[in-house]
Amino acid sequence: MAKLREVCRLIRSKNAGPFELTFDIMFAEEKTYLEAKTLNYINRELFAQIYGVRLEDVKLYAYDPAISFKVTIPRLIVSGALGDSDVYGCQQFAPLANLEIPTGSIA
Amino acid sequence: MLGTGFPEESLQKGLAMRPHFIGVDAGSTDSGPTDLATGVCRYSEAAYRRDLKLLLAGAVENNIPLIIGSAGGAGGDKNVDWTKGLIEDIISQLNLSLKMAVIYSGQDKDWLKQKLAAGKIRLLENAPELTASVIDESITIVGMMGSEPIIEALNNGANVVLAGRATDTSIFASLPIMNGAHEGSAWHAAKILECGAAAVEHRPSPDCMFATIQGESFIIQAPNEALRCTPTSVAAHSLYENADPFKIIEPSGILDTTDSIYEAVNDKVVKVTGSKFEKSEKFTIKLEGTRLAGYQTIVVAGIRDPLILESLDKFLESCETSIKKRIKNTYPDLSEDDWKVHFRVYGRNGVMEKREPTPVIGHEVGLIIEATAQTQKLASSIASVARHQTLHVSVPGWFGFTSNIALPYGANDLVRGPVYEFNINAVVEPDPTDEMFKTFYFDYPKVESEVK
């Protein structure tokens, strides 16, 4: 097993407008990115579970040009509204960093 | 982003490459609703002046237009007027001659209510409900312009286009489209330019970016030779602050980068080919609105007592109970809906709140006690009650009078003033005759000219 951050050059989160939160999971190497696609361990169910959103509200894109995955979910609270804890949404990726991932053929 | 600084040398190098215009994005919704609600820019006036002065001088010297979008932090009418004032100061200081177009994006509430009643406003995903009263209670509502008003201003001879709320891309796509450039290339190049040098491999500080459109492709590079664009770094920028990496929605259509090809020209320059722009059947303008959510006073505190930390939830519950009781005693006529106290617990789930998967605490936690009410006086009064109750509520395991929170500041309560919320996430479909964006032209030195 490895951690997601060990195969990524950057994992980040940010607002996509005030009503949505978007995650970029940017792999360091094409090999591990393609493996992630094959093993399908970055999936909508994962985000529904970690972030407590409905499966149908999770949008996931595999973005080959930047060997990255993008995932977009609704914000729990609109950016900057009462009770919001992260106006830019920039620290919400944290639970992904140490996510245990299957290493498949690399192991 | 205007006001975040860029090296003057990079601008000069960029200008030496003979661009057709300079564009700069000057605002966003990213930092929350306050800039739009108040009309006050979150960047300092000094920083804005510094950047504007260099850009204005560079544009005039090279006889090319300067296009500024989402002025003053958010592009509301007040944000625009503030920026206009700064530009006018610089114009007279540098003794410049030019024509400026000022495009306002503030929207008329009655017109919006008519559009709503006519079914011409459509909610976007995750949007709050939109009714006539939501429109009425809004402080500021802006429409997000596309390239059309900017092109019109350029066609009317503006040397400086100062635009209110605009799509980030329209700032950079307008002039190329006006000159007949391939729309897919123009919009995609614009998407990469809108964040300056954010699309390079490693960007130590904000910097400039340069695009050259050549038919169905474009070349992207940073004038600062220390910065490298790579196919991956340029492609990765399509991810930034976007819900969908392949599609970017504009008022007149959609930029589709599904078939875009990113190639290295050399180790610092990238060529992008194959981006498409598909015209939409309906022309729509996105709306952004803000409302007053109340007034706030907060208290910053810390807890180190292991007995409290062992059962922190119970402690906070008993704080809430005693706060409620005390407020009921002090304000018997107040309903519980008239005020709100929220505990943020840093060191447990201050950052992620309900979404925190590991709400574990260590040897101490930071606490923000946040009081919100409909007047500042009441918010401050609630905060002082909440602070005092939290300080002295009894802790199981200790006997006698306890003092439960470390307060880092004397005069403990911090007044936050009015607080705002975004309240509209929708698009409106204007009629061809509707003028959502009003443009005024000014000639410098002095002489105010016609109104459109």
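The values are calculated or read from the model by the stated rules, or taken from the named source; none is laboratory data. Being a predicted model, the structure only gives us computed values, none of them experimental. We work out accessible area using only protein heavy atoms, side chains counted, and drop any ligands, DNA or RNA first. Shrake-Rupley method; radii C 1.70, N 1.55, O 1.52, S 1.80 Å.
With a 1.4 Å probe and every protein chain kept in, tell me what percent of the accessible surface of the range A:1-99 is carbon plus sulfur. The partial results should precede the final answer.
Working: 2090 of 4060 Å².
Roughly 52 percent, rounded to a whole number.
Protein chains only, probe 1.4 Å: how do B:170, B:97 rank by accessible area, largest first? Walk me through the intermediate numbers first.
Numbers: B:170 0, B:97 85 Å².
Final ranking, largest accessible area leading: B:97, B:170.
Could you run the numbers on buried accessible area between A and B, total for both chains, 1.4 angstrom probe, in Å² to the nearest 100? If you can, show how the numbers build up before the last one.
Numbers: alone 6300 and 21780 Å², together 24590 Å².
Answer for the A-B pair: about 3500 Å² buried.
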Could you tell me the accessible area of residue B:195 in Å² (1.4 Å probe, neighbours in place), rounded to the nearest ten? 40 Å²
Quick one: which residues, 5+ away or cross-chain, put their amide H under 5 Å from the amide H of residue B:294? H built at 1.01 Å from N. B:419
Counting only protein heavy atoms and using a 1.4 Å probe, what share of the accessible area of the range B:292-421 belongs to carbon plus sulfur, as a whole percent? 55 percent
Round to the nearest 10 and report in Å² the accessible area of residue B:42, as given by a 1.4 Å probe over the protein chains' heavy atoms. 70 Å²
Accessible-area order (highest first, 1.4 angstrom probe) of the listed residues B:210, B:283: B:283, B:210
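How large is the accessible surface per residue of the range A:1-99, computed with a 1.4 Å probe and reported in Å² as a whole number? Kindly include the intermediate steps, with their values, before the conclusion.
Values: 4060 Å² over 99 residues.
So the range A:1-99 comes to 41 Å² accessible per residue, rounded to a whole number.
Semi-axes of the range B:292-421's equivalent ellipsoid from the Cα gyration tensor, sqrt of 5 times each eigenvalue, largest first, rounded to whole Å? Intermediate values should be presented prior to the final figure.
Working: eigenvalues 114, 65, 36 Å².
Whole-Å semi-axes of the equivalent ellipsoid: 24, 18, 13.
Which percent of the accessible area of the range B:192-269 is formed by carbon and sulfur heavy atoms (probe 1.4 angstrom)?
Details: 1510 of 3100 Å².
On the range B:192-269, the fraction of accessible area on carbon and sulfur atoms equals 49 percent.
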Please go through the residue pairs A:59/B:276; B:191/B:271; B:53/B:438; A:37/B:354; B:120/B:286; B:247/B:279 and name each one whose alpha carbons sit more than 18 Å apart in this structure. A:59/B:276; B:53/B:438; A:37/B:354
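For B:237, B:363, give me the order by solvent-accessible area with a 1.4 Å probe, most accessible first, ignoring ligands, DNA and RNA. Show your work: numbers first, answer last.
On the way: B:237 10, B:363 120 Å².
Reading off the accessible areas and sorting them downward yields B:363, B:237.
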What are the extents of the Cα atoms of the protein assembly as shown along their three principal axes, in Å, largest first? 79, 67, 48
List the residues of the range B:225-257 for which accessible area in the full set of protein chains is at least 10 Å² lower than for the chain on its own; 1.4 Å probe, protein heavy atoms only. B:232, B:235, B:236, B:239, B:240, B:241, B:242, B:243, B:244, B:245, B:246
Can you compute the helix-only [θ] at 222 nm over chain B? Use -39500 (n - 2.57) per DSSP H run of at least 4 residues, normalise by all residues, nearest 500 deg cm²/dmol. -9500 deg cm²/dmol
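Find the accessible area per residue for the range B:292-421; the probe is 1.4 Å, ligands and nucleic acids are left out, and the unit is Å².
Numbers: 7080 Å² over 130 residues.
Here the residues of the range B:292-421 average 54 Å² of exposed surface.
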Cα-based Debye curve of the range B:1-133 sampled at q = 0.13, 0.14, 0.16, 0.21 Å⁻¹ gives log₁₀ I(q)/I(0) of -0.65, -0.72, -0.86, -1.24
In deg cm²/dmol and to the nearest 500, what is the mean residue ellipticity at 222 nm of chain A if only DSSP H runs of at least 4 residues count, each as -39500 (n - 2.57), divided by the residue total? -6000 deg cm²/dmol
Between the range A:6-60 and the range B:1-73, how many Å separate their Cα centres? 33 Å
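Find the Cα radius of gyration of the range B:183-314, compare it with 2.2 N^0.38 Å by division, and give the number to two decimals. Could the numbers behind the result be given before it?
Values: Rg = 22.0 Å, N = 132, 2.2 N^0.38 = 14.1 Å.
Computed over Cα atoms of the range B:183-314, the ratio equals 1.57.
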Would you mind pulling out the separation of the Cα centroids of the range B:317-332 and the range B:94-133, in Å? 43 Å
Looking at the range A:54-71, which residues lose a minimum of 20 Å² of accessible area between their chain alone and all protein chains in place, measuring with a 1.4 Å probe and not counting ligands or nucleic acids? A:59, A:61, A:63, A:65, A:66, A:70
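Antiparallel versus total DSSP beta bridges in chain B: what percent is that, nearest 5?
In chain B, DSSP labels about 85 percent of beta bridges as antiparallel.
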Amide H neighbours of residue B:346 under 5 Å, counting only residues 5+ apart in sequence or on other chains, H built in-plane at 1.01 Å? B:366, B:367, B:368
Taking Cα atoms only, helix B:312-330 is inclined relative to the longest principal axis of chain B by an angle, in degrees rounded to 10, of 80 degrees
Extent along principal axes [Cα atoms of chain B; Å; largest to smallest]: 79, 52, 47
Taking Cα pairs under 8 Å and at least six residues apart, what relative contact order does chain B come out at, in percent? 18 percent
Hey, what angle do you get for helix B:45-61 against the long axis of chain B, alpha-carbon based, 0 to 90 degrees rounded to 10? 0 degrees
Per q in 0.13, 0.20, 0.24, 0.25 1/Å, what log10 I(q)/I(0) does a Debye calculation on the alpha-carbon atoms of chain A return? -0.46, -1.02, -1.38, -1.46
Quick check: the angle from helix B:168-178's long axis to the longest principal axis of chain B, C-alpha only, nearest 10 degrees? 10 degrees
Given a cut-off of under 8 Å on Cα pairs at least six residues apart, what relative contact order in percent is computed for the range B:292-421? 46 percent
A correct Karplus calculation of ³J(HN,Hα) over the range B:374-385, with 6.51 cos²θ - 1.76 cosθ + 1.60, θ = phi - 60°, whole Hz and x for Gly and Pro, returns 7, 10, 5, 4, 5, 4, 5, 5, 5, 4, 5, 5
Express in Å², to the nearest 10, the accessible area of residue B:398 obtained by rolling a 1.4 Å probe over the protein heavy atoms while all chains stay in place. 120 Å²
